[in-house]
Structure formats: structure tokens, C-alpha cells
There are 2 protein chains.
Amino acid sequence: MKLNLDCIPCFQRQALQAVRFISDDEKLQERVLREVTKKLLESNWDLTPPELAHEVHSIVRRITNKKDPYKNVKRESNDSVLKLYPELKEKVKESRDPLRTAVRLAIAGNIIDFAVPQKFNLEETIREVLKKRFVIDDYRKLQKKLKDAETLLFFVDNAGEIGLDKLLVETFLETKKLKQIDFVVKGGPIINDATLEDAVYMGLDDLPNSEFLTISNGEAGTGPARSSQTVKKWIEEHDLVVSKGQGNYEGLSEHNGLFFMLMVKCPIIASDLGVEVGDIILEYKQ
Amino acid sequence: MKLNLDCIPCFQRQALQAVRFISDDEKLQERVLREVTKKLLESNWDLTPPELAHEVHSIVRRITNKKDPYKNVKRESNDSVLKLYPELKEKVKESRDPLRTAVRLAIAGNIIDFAVPQKFNLEETIREVLKKRFVIDDYRKLQKKLKDAETLLFFVDNAGEIGLDKLLVETFLETKKLKQIDFVVKGGPIINDATLEDAVYMGLDDLPNSEFLTISNGEAGTGPARSSQTVKKWIEEHDLVVSKGQGNYEGLSEHNGLFFMLMVKCPIIASDLGVEVGDIILEYKQ
């Protein structure tokens with residue numbers, strides 16, 4: 001997706017939020033905001049949003065001298081999902097269609113996103129998404145693909161949310177034994193995107209035959225880009241491929257053979273897709 | 001009120017909205033956004049929000065070569081209120097407490113504000129505000145002041161909204177004849193603030209003994225600033241003084257003897273006041 005002019009003030013809002021997570025010092029906050037604004041002004045606005053996000057968050061990390069400003073926020077998200085997990089696991093089990101319920105919960109978890117301006121309430125979102133109509137609904141295709149699958153590639157999105165992704169994969173396993181489960185996490189911190197540390201904290205490594213791949217957070221040496229040939233090959237080598245969230249939806253849009261699960265949270269993306277903020281999507285891209 | 005760091009991206013959002021009102025040319029939109037961002041970066045952030053708003057909107061006017069980018073939007077707001085007016089007038093008349101209902105409608109009209117990020121729906125807001133609890137409610141004081149008043153000074157806020165201010169003043173006149181009604185409008189365009197042209201379009205000049213004063217939109221020669229001694233004197237010379245909206249609430253906060261009527265729309269102001277976005281206030285400042 002091309003950068004929209006609205007992304008420019010939105011990045012500044014993100015940077016301000018990030019520095020406020022780690023410091024109450026208004027002088028430091030102003031310094032970060034000024035440096036980020038300066039960088040944006042000097043940048044070519046033909047970059048993609050993830051490329052510019054990398055620039056912005058590098059500045060936050062450099063000036064605050066914190067490797068990951070979202071560390072505590074991610075931990076809180078992870079813990080809040082761990083707390084809800086037993087109850088949600090029970091909800092899936094007791095449901096008339098456990099797979100469908102698990103898909104809904106995994107999409108509801110996608111509300112945990114610090115890239116967008118809205119505040120969120122996870123429990124409220126879960127209640128809503130359990131009843132919400134999908135604007136795109138390829139559920140039958142998912143059931144069918146799962147039935148024949150032996151290998152799974154799963155692009156996760158955010159910390160916290162990955163606990164509900166785990167629940168979804170556990171529900172996959174109730175239907176179908178999988179020989180190989182590869183989770184794709186970020187190779188380094190960017191906003192509240194899940195890294196290997198988050199995945200291990202949430203127990204994704206306890207799933208049978210599970211392994212981890214990393215994609216780039218924008219920094220060198222953190223993994224291939226989503227649009228790369230390497231990632232294309234990963235997708236082709238797996239029977240079932242799931243992509244969570246807006247960032248993956250944008251970044252993987254040139255590849256084929258994926259199930260996209262997301263909640264639309266950015267008004268620009270909503271307008272691009274012709275849907276509304278808050279809409280939920282389960283789309284298979286042939 | 002002091003500028004908050006959140007105001008910086010918010011001003012860019014405003015500028016972008018303003019240029020989009022008058023042109024679909026993305027090159028022009030980018031040029032405006034870049035110039036505004038540059039100006040903000042060069043500015044001292046100890047200015048007040050209205051001072052910086054003036055700088056920002058001057059740039060929009062200059063680059064687009066439009067004296068008032070909000071002209072059409074203001075006309076639409078005015079027309080939509082004119083359309084609702086007969087029905088609302090009836091609602092006030094039939095109400096158990098017409099003054100109270102008219103105050104509520106005038107506050108509901110304050111939702112028509114293009115300075116803030118939220119979209120609005122006037123009719124929905126009217127339905128809500130007719131039932132909403134005031135977080136500050138000096139209604140008894142308003143009734144008492146009106147009973148003894150012979151002169152009224154009324155600081156209006158936005159285009160469209162002024163139609164509901166007119167309805168409020170008409171309701172004042174059902175209770176009490178007034179010898180002098182002075183409306184304070186902006187002396188030049190800034191965002192969707194009402195100017196003399198809007199006030200005349202909405203028929204505020206038809207009210208008996210009504211006259212108009214102007215305050216500054218930031219440009220030289222448009223009137224005194226809200227914080228000035230001139231405005232202080234105006235306030236002291238009138239028996240009943242009403243101030244609508246957030247901008248007036250901030251700008252007139254150092255004066256005494258005013259009724260503030262507003263809906264809180266900016267999260268920074270909400271946090272400053274210890275209230276929530278969407279809250280309604282009728283406050284008398286002694």
C-alpha cells in the first residue's frame with residue numbers, strides 16, 4: 001500500500017505515544033516529536049508505511065536509548081490475554097462450531113494494536129466480534145484447506161493477540177494433526193508486533209512440531225521482507241497459510257494462497273478496501 | 001491553555017482536511033502539509049493553540065489562494081441547521097422547560113466543529129444531548145441571571161451551530177425582554193468559526209435590538225483578542241454573558257461573570273478539565 005498523507009501526522013502520534021510509554025519528561029517527548037517530524041519532512045513520501053514506520057521508531061529508540069519502548073505494553077497485553085485464556089478456551093470447546101469461534105477470537109485479538117489511534121477494550125471487542133458479520137467470509141475454504149493440510153505457516157501480528165492465535169492453532173489440531181507448524185514473528189521490535197520473546201512467553205513453542213521464522217522489522221539482519229522471494233517460497237512450501245492483521249495484509253498482498261484474518265482499524269485501509277473501521281475479514285487469496 | 005504536544009499532529013490533520021475541502025490535487029495537498037509541518041517545526045511550542053492555528057490556516061489560505069477553505073462546509077452546516085430549525089423550534093415550545101431544552105440544543109449544536117478529529121452526526125447528537133447529564137450544571141444560575149438581565153453578550157462558536165444559538169436567544173426573549181443583544185463573531189475566517197456573513201445568513205440580525213462585535217481570527221484588523229481588556233470591558237458592560245464552545249472556553253477563561261456552554265470534543269481539553277470527550281457543560285464562572 002502506498003503512503004497516504006494522513007500517515008504523516010499519524011506517525012507523529014505513534015512516536016509521541018511510544019516515548020510517553022517510557023518517560024514523563026516533556027522535554028524528551030518534545031525532542032522525539034521534533035526529530036520524528038524533521039525526519040518525515042526530509043523523507044520521500046513515496047515510501048511504504050512500514051518503511052517510514054521503521055525510520056520513525058528507530059528515532060524513538062535512538063533518542064530514548066531504549067531498545068524496545070513497547071516492552072512493558074507488550075507484556076501487559078500478553079498477560080491480559082493469558083488471564084482470559086482459560087475462559088476463552090472453554091468458550092471454544094463448548095461452542096457449536098469450535099473452529100468458527102476460535103477464528104472469531106483470533107480476529108478479536110487483532111484489536112490489540114498500538115499503531116492505530118483508537119483505544120481498545122479487549123473483552124468488549126471479544127463480545128462484539130463473537131456476534132459480528134464478516135464483510136468477507138471464506139470460512140468454508142478454511143475448513144476445506146485445513147482438512148487436507150499437513151503443514152501450517154502462520155504470520156502472527158501483535159503481542160497479546162498471539163495468545164488467541166495459539167488457541168486457534170490448538171483448535172486446528174483438534175480437527176487435523178499437523179506435521180509442521182511454522183510461526184512467523186518479527187525479527188526485532190517494532191511497535192507492539194510480536195517477537196520470538198513474546199511467542200515463547202505465550203507458549204507458542206509448546207505446540208507440537210512448532211518452529212519459528214522471522215521477518216524484518218526494517219532493521220538489517222532481522223529477516224527477509226514480507227514481499228521477498230524467500231517469503232514467497234515459505235508460502236508455497238506450506239499447505240495452509242494464515243496471515244493476521246493489517247500490516248501483513250498490506251505486506252503480503254502480492255503473494256497467493258493465504259488466508260487473511262484481520263480487523264480493520266486504520267481509516268485509510270478501510271477506505272482502500274471499501275469497508276468500515278471495525279469490520280472483520282476472513283479472506284482467502286487464491 | 002498551553003499547547004499540548006498532541007496539538008502538533010492535530011494541526012497537520014486540520015490543514016490536510018482544509019485543503020481537501022477545496023482540492024483533490026494530491027500534489028497541492030502534499031505541498032500544504034509539508035509547508036504546515038515545516039512551519040510547526042520552526043515554531044516555538046510555547047504559543048497557545050489559537051496562535052498556532054492562525055499560522056497553520058494562514059498557510060492553507062496562502063498556498064491554495066482561497067480566502068476561506070471552509071466556505072462551502074460552513075454553508076452546508078448552516079443549511080442543515082436551517083432545515084432542522086422549524087422542528088427544533090417546535091420541540092422547544094412543546095417542552096416542559098423550554099429554556100432548558102433550548103440550552104441543550106444550543107450545546108448539541110456545538111458538535112459542528114471541524115477543528116477536532118471526530119466525525120459528527122448532528123441529529124444523533126441532538127437526540128443524545130436532549131437526555132444527557134451535564135457534568136457541570138449551573139442552570140439555576142442562568143435562570144436567575146436571565147430574570148434580571150436587560151443586556152446580553154453572546155460569544156458564538158461555529159457556523160451551523162449559530163442557528164441553535166438563535167433559537168436559544170429567542171427562548172431567552174420568551175422569558176425576558178432584552179434591550180440589547182450583542183453577538184460576538186470572528187472578524188475573519190478561521191476553521192469553521194462563524195463570521196458576520198454566517199450570522200446574517202442564519203438570521204441572527206433579525207433578533208430585536210441585536211448588533212455584532214468581532215474578535216480576532218489571528219489576523220491584524222479583525223478585532224480584539226479574547227484575552228484583551230476590550231473584551232473584558234464588553235463582558236463587564238453586559239448583564240448576561242454566554243460563551244459557546246471550547247475555543248471561547250479556553251480564550252475567555254481569565255474573565256469572570258460568564259456562562260460557558262460547550263460540548264467537550266478535544267481529548268486534551270477533556271483531560272485538562274477531568275471530564276470525558278462527549279461531556280456537556282453549562283458552567284457559570286463567578
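Points worth noting:
- Identity of the residue in region A:57-73, basic (Lys, Arg) and not in a helix (DSSP H, G or I), that ends up nearest to residue A:188 (Cα to Cα): A:67
- Meets criteria (farther than 20 Å from residue A:78 by Cβ and open to solvent by 60 Å² or more (accessible area, probe 1.4 Å)) for residue A:250: no
- Only a single item in (1) assigned to a helix (DSSP H, G or I); (2) open to solvent by 50 Å² or more (accessible area, probe 1.4 Å); (3) more than 28 Å from residue B:5 (Cβ to Cβ) is not met by residue B:51, and it is number (3).
Rundown of residues vs (1) within 19 Å of the chain's Cα centre (by Cα); (2) small (Gly, Ala, Ser); (3) over 30 Å from residue A:26 (Cβ atoms); (4) surrounded by fewer than 19 Cβ atoms within 10 Å (Cβ to Cβ), yes/no style:
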residue	(1), (2), (3), (4)
B:1	yes, no, no, yes
B:28	no, no, yes, yes
B:39	no, no, no, yes
B:47	no, no, no, yes
B:62	no, no, yes, yes
B:74	yes, no, yes, no
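- Among the numbered conditions (1) without any contact (Cβ under 8 Å) to a residue 60 or more places away in the chain; (2) more than 14 Å from chain B (Cβ to nearest Cβ), the only one that residue A:52 does not meet is (2).
- Residue A:21 being more than 7 Å from chain B (Cβ to nearest Cβ), aromatic (Phe, Trp, Tyr) and farther than 23 Å from residue B:25 by Cα: yes
- With respect to the conditions (1) more than 28 Å from residue A:75 (Cβ to Cβ); (2) within 12 Å of another protein chain (Cβ to nearest Cβ); (3) in contact (Cβ under 8 Å) with a residue 60 or more places away in the chain, residue A:7 lacks only one, and its number is (1).
Rundown of residues vs (1) over 30 Å from residue A:11 (Cα atoms); (2) without any contact (Cβ under 8 Å) to a residue 24 or more places away in the chain; (3) touching a Phe, Trp or Tyr at 6+ places or on another chain (Cβ under 9 Å); (4) of a type outside the set (Phe, Trp, Tyr), yes/no style:
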position	(1), (2), (3), (4)
A:96	yes, yes, no, yes
A:111	no, no, yes, yes
A:118	no, no, no, yes
A:143	yes, no, no, yes
A:147	yes, no, no, yes
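- The single condition from (1) crowded, with 18+ Cβ neighbours inside 10 Å; (2) away from chain A (no Cβ under 14 Å); (3) of a type in the set (Lys, Arg) that residue B:13 fails is (2).
- Failed item, numbered, when residue A:202 is tested on (1) of a type in the set (A, V, I, L, M, F, W, C); (2) farther than 27 Å from residue A:60 by Cβ; (3) at pLDDT 95 or above; (4) more than 14 Å from the chain's Cα centre (by Cα): (2)
- Region B:196-232, residues that are of a type in the set (Val, Ile, Thr) and open to solvent by 20 Å² or more (accessible area, probe 1.4 Å): B:200, B:214, B:230
- Selected residue (criterion: modelled with the highest pLDDT) from residues of region A:239-260 that are over 26 Å from residue A:173 (Cβ atoms) and part of a loop (DSSP other than H, G, I, E, B): A:254
- Unique residue being more than 19 Å from residue A:216 (Cβ to Cβ), more than 9 Å from chain B (Cβ to nearest Cβ) and modelled with pLDDT of 95 or more when the list is A:33, A:28: A:28
- Conditions (1) away from chain A (no Cβ under 13 Å); (2) open to solvent by 50 Å² or more (accessible area, probe 1.4 Å); number of the one not met by residue B:57: (2)
- The residues of region B:226-250 that are of a type in the set (A, V, I, L, M, F, W, C) and within 22 Å of residue B:116 (Cβ to Cβ) amount to a single one, B:242.
- Among the candidates B:104, B:96, B:100, the residue that is charged (D, E, K, R), away from chain A (no Cβ under 14 Å) and outside any helix (DSSP H, G or I) is uniquely B:96.
- Residue within region A:159-170 that is over 30 Å from residue A:53 (Cα atoms), away from chain B (no Cβ under 14 Å) and either modelled with pLDDT under 95 or open to solvent by 10 Å² or more (accessible area, probe 1.4 Å) (or both) present: yes
The values are calculated or read from the model by the stated rules, or taken from the named source; none is laboratory data. Everything quoted here is computed from the prediction, not taken from an experiment. Reconstructed Cβ throughout: ideal geometry from the backbone, glycine too, with neighbour counts over all protein chains shown. Surface areas here come from the heavy atoms of the whole protein model, side chains and all, with no ligands, DNA or RNA. Shrake-Rupley method; radii C 1.70, N 1.55, O 1.52, S 1.80 Å.
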